[in-house]
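The values are calculated or read from the model by the stated rules, or taken from the named source; none is laboratory data. Values in this document were obtained by computation on a predicted structure and should not be read as measured data. All Cβ positions, glycine included, derive from the backbone under ideal geometry; neighbour counts span all protein chains shown. Keep in mind that these areas ignore ligands, DNA and RNA; they rest on the heavy atoms of the full protein, side chains included. Shrake-Rupley method; radii C 1.70, N 1.55, O 1.52, S 1.80 Å.
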Amino acid sequence: MINRRLAGSTALVMLFAAPAFADVTPEQVWENWLSFSTSSGQTVTTESVERDGDTLVVTGMKMAIDQEGVTGTGSIDEIRFQDKGDGTVEVTMSDTYPFEMTFDAPEAGANPTSLSMEIRHPGLTVTASGDEAETVYDFSGPEMTVALTSVEGVDAEAVDLTVEAKLTNVTGKYLVAVGEGETSSLTSSFAAENMALTMAGSDLDPSPAEGEMAGPSEMKVTLSMADLTGTTNGTFLGSEAMADMAAALKAGFATDGSFSSGATTYDMEVTEAAGVTKITGQAESNTISFVMDATQLAYSGGAKAVTMSMSAPEIPFPQVNIGYGEATFGFQMPVTVTEEPADFSFLTRIVDLTVSDEIWGIIDPTNQLPRDPATLVIDTKGKAKLFVDIMDPAAMEAVGDQPPGELNALDITALQAKIAGAELTGSGALTFDNTDLVTYGGMPAPTGKIDLKLVGGNTLMDKLVAMGLLPEDQVMGFRMMLSMFANATGEDELSSTLEFKDGGFFANGQQLQ
């Protein structure tokens, strides 16, 4: 259901965002556009298609899709395909046109959700070149705007919501190569000087739910991002093929892309009967990348030099401040049945996290703990096998409570946790014998070692006991356990090598199992 909705809505948005599948003559551009529309499950009607000198003029074009879970309609008053006389075609269209989509109700008795939008791109030009097999498009425009003008259905009747996103000084290029059947490939890049997003909404229902305060609420959001760039590459199939993601991946569907931006600022304000909640923030840069094909699913994202402030009626002090120097998240994993172990990875990285003194004051009112920035890094990779296609809902349901695969190897590339004057670091590598589920109580038997080092741990525990946050007897028990697993290698410094071999578990050479 979800995949079919995405396939239908994405195809229509792409078609309205820029002309697709051009060739060296205006007629070929138009015919290929119609072919693309039909293969995507869309219906196209026009008032007229006529030649005017070197230009093919299409007027009153209307498009509609009706697929499982989603319907959509849109219209463009005029599209002009001009033969430039040098083997290229310049495509221009009406500066503004409407676009509507309706999603089926999520459950019986509920209303469908309808979105009405307006797309504006005054001065946008698209130049198509190449041949029928591979067509290159260069586009540019002073600004492009997508505005949500109304929302209806699914509790939206009581909400007056407007959203507008505007890109300025947009440039880009994409290459379309037509393959066999409904298969095509796309390579694209774009850049924009700035994106400005504004959102405003009001809850017009004055009748509160039980336990809530009466009165309408209002929301305002602004977001600005500078120096946007992005790339997308992929092999795409027809909409029917995309309805079954597992089958589509086997049939050759693949996509990867990246997005980055420079300075980012945002401001959100929500006004309710209890008062005003306000959140503001900024970042130096942001990045996102993704890959999806028959062998893997990967995603990563990050931001640098981030600060955020928040105030709200429920917060017992004027403002909360949070910041960090860097935050990164990423993963890679196989998506289909693998005969041989395949790569996977997982990364979480938060560097130099700080919070305002008011938050520290709740935890440490007497200022006993160092308030240095905190850091958390978990960087792992390894090998694993899947027994089922995780994109196949039926196959995943059939697995039940059983694991969908097995872990073969795990490398801890980096481990770091630093807070309040203490720091834990480590690294290691393990392999797993999945034929031995007895030695370690149902867990595949590991072989390998992990090296750990703790600095400042005893000092931190002493301060937590003095503050009354930890009972002294529990700390004594924890220290006794540490003495079994770790060696003192310096002033308030402990190190340990945990090793699994020959069916046993060793800590610093001492066998514990």
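Just from its helices, what would the mean residue ellipticity at 222 nm be for the chain, if runs of 4 or more DSSP H residues each count -39500 (n - 2.57) and the sum is divided by every residue, rounded to the nearest 500 deg cm²/dmol?
Working: 8 runs with 78 residues, N = 513.
Helix contribution divided over all residues of the chain: -4500 deg cm²/dmol.
Taking every eigenvalue of the Cα gyration tensor of segment 379-513, multiplying by 5 and rooting it, what semi-axes result, largest first, whole Å? Can you show the working numbers first?
Working: eigenvalues 249, 71, 45 Å².
Result for segment 379-513: semi-axes of 35, 19, 15 Å.
Quick one: accessible area per residue over the chain, 1.4 Å probe, rounded to a whole number of Å²?
Working: 26810 Å² over 513 residues.
Spelled out: the 1.4 Å probe surface of the chain, per residue, equals 52 Å².
Given contacts defined as C-alpha pairs under 8 Å and at least six residues apart, what's the relative contact order of the chain, whole-number percent?
On the way: 1310 pairs, mean separation 32.5, N = 513.
Averaging sequence separation for qualifying contacts and normalising by length gives 6 percent for the chain.
Could you give the angle, 0 to 90 degrees to the nearest 10, between helix 26-39's Cα long axis and the longest principal axis of the Cα atoms of the chain?
50 degrees
Please list, in chain and number order, the residues 5+ apart from residue 372 or on another chain whose amide H is under 5 Å from its amide H, with Hs placed from the backbone.
Close amide H contacts, sequence-distant or interchain: 420, 421.
What number, in percent, do you get for the relative contact order of segment 443-502 if the mean sequence gap of Cα pairs under 8 Å and at least 6 apart is divided by its residue count? Show your work: numbers first, answer last.
On the way: 57 pairs, mean separation 33.4, N = 60.
Contact order relative to length: 56 percent.
Quick query: amide H of residue 356 versus all other amide H atoms, modeled in the peptide plane; which residues come in under 5 Å with a sequence gap of 5 or more or a different chain?
321
Between helix 472-485 and the chain, what is the angle of the helix's C-alpha long axis to the longest principal axis, kept within 0 to 90° and rounded to the nearest 10?
The helix 472-485 is inclined about 90 degrees to the chain.
Do the alpha carbons of any pairs in 166/220; 381/453; 173/250 sit beyond 25 Å of each other, and which pairs?
Details: 166/220 16 Å; 381/453 21 Å; 173/250 29 Å.
Among 166/220; 381/453; 173/250, the Cα-Cα distance tops 25 Å for 173/250.
Return the distance in nm (one decimal) between the two label points of a simple spin-label model at residue 78 and residue 387, each offset 7 Å from Cα along Cα→Cβ.
6.5 nm
Given charges of +1 on the Cβ of Lys and Arg and -1 on the Cβ of Asp and Glu, with all other atoms neutral, how large is the dipole of segment 412-475 about its Cα centre, in debye to the nearest 20?
Numbers: 4 positive and 7 negative charges, 47 e Å.
With only Lys, Arg, Asp and Glu charged at Cβ, the dipole is about 220 debye.
Could you tell me the distance between the Cα centroids of segment 416-455 and segment 89-161, to the nearest Å?
50 Å
I need the phi-derived Karplus couplings for segment 412-426: 6.51 cos²θ - 1.76 cosθ + 1.60, θ = phi - 60°, integer Hz, Gly and Pro marked x.
So the Karplus estimates, Gly and Pro as x, are 8, 5, 8, 9, 8, 9, 10, 6, 6, x, 10, 9, 10, 10, x Hz.
Applying 1/(1 + (r/R0)^6) with R0 = 60 Å to the Cβ-Cβ distance of residue 288 and residue 462, what FRET efficiency is obtained, to the nearest 0.05? Provide the component values of the computation, followed by the final result.
Working: r = 43 Å, r/R0 = 0.72.
The value I calculate is 0.90.
If r is the Cβ-Cβ distance from residue 485 to residue 265 and R0 is 41 Å, what FRET efficiency results, to the nearest 0.05? Mind showing how you got there, number by number?
Numbers: r = 47 Å, r/R0 = 1.16.
E(calc), rounded to 0.05, equals 0.30.
Computed on alpha carbon atoms, what radius of gyration and Dmax characterise the chain, expressed in Å?
When restricted to the Cα atoms of the chain, Rg and Dmax are 29.0, 92 Å.
Only four residue types carry charge here, +1 at the Cβ of Lys and Arg and -1 at the Cβ of Asp and Glu. Report the dipole size of the chain about the Cα centre in Debye, rounded to the nearest 20.
On the way: 24 positive and 75 negative charges, 297 e Å.
It works out to roughly 1420 debye.
At 7 Å along the Cα-to-beta-carbon direction for both residue 279 and residue 367, put a label point, then send me their distance in nm to one decimal.
My value for the distance between the label points is 3.1 nm.
Got the relative contact order for segment 242-314 handy, in percent, Cα pairs under 8 Å and 6 or more residues apart? Please list the in-between numbers first.
On the way: 131 pairs, mean separation 23.3, N = 73.
Relative contact order of segment 242-314: 32 percent.
Which whole-Hz ³J(HN,Hα) couplings does segment 194-199 yield from phi under the Karplus relation 6.51 cos²θ - 1.76 cosθ + 1.60, θ = phi - 60°, glycine and proline marked x?
Going residue by residue, I get 7, 10, 10, 10, 10, 9 Hz, with x marking Gly and Pro.
If I model a spin label at residue 508 and residue 202 as a point 7 Å from the Cα along the Cα→Cβ vector, what separation in nanometres do I get?
6.9 nm
Please list, in order along segment 160-173, the HN-Hα scalar couplings obtained from phi with the Karplus expression 6.51 cos²θ - 1.76 cosθ + 1.60 (θ = phi - 60°), rounded to whole Hz, x for Gly and Pro.
Coupling constants for segment 160-173: 9, 10, 10, 9, 9, 10, 10, 9, 10, 6, 8, 9, x, 8 Hz.
For residue 505, list long-range residues whose amide hydrogen, built 1.01 Å from N in the peptide plane, is under 5 Å from its own amide hydrogen.
512, 513
For the chain, which whole percent of the accessible surface, found with a 1.4 angstrom probe, sits on carbon and sulfur atoms? If you can, show how the numbers build up before the last one.
On the way: 15090 of 26810 Å².
Carbon and sulfur together cover 56 percent of it.
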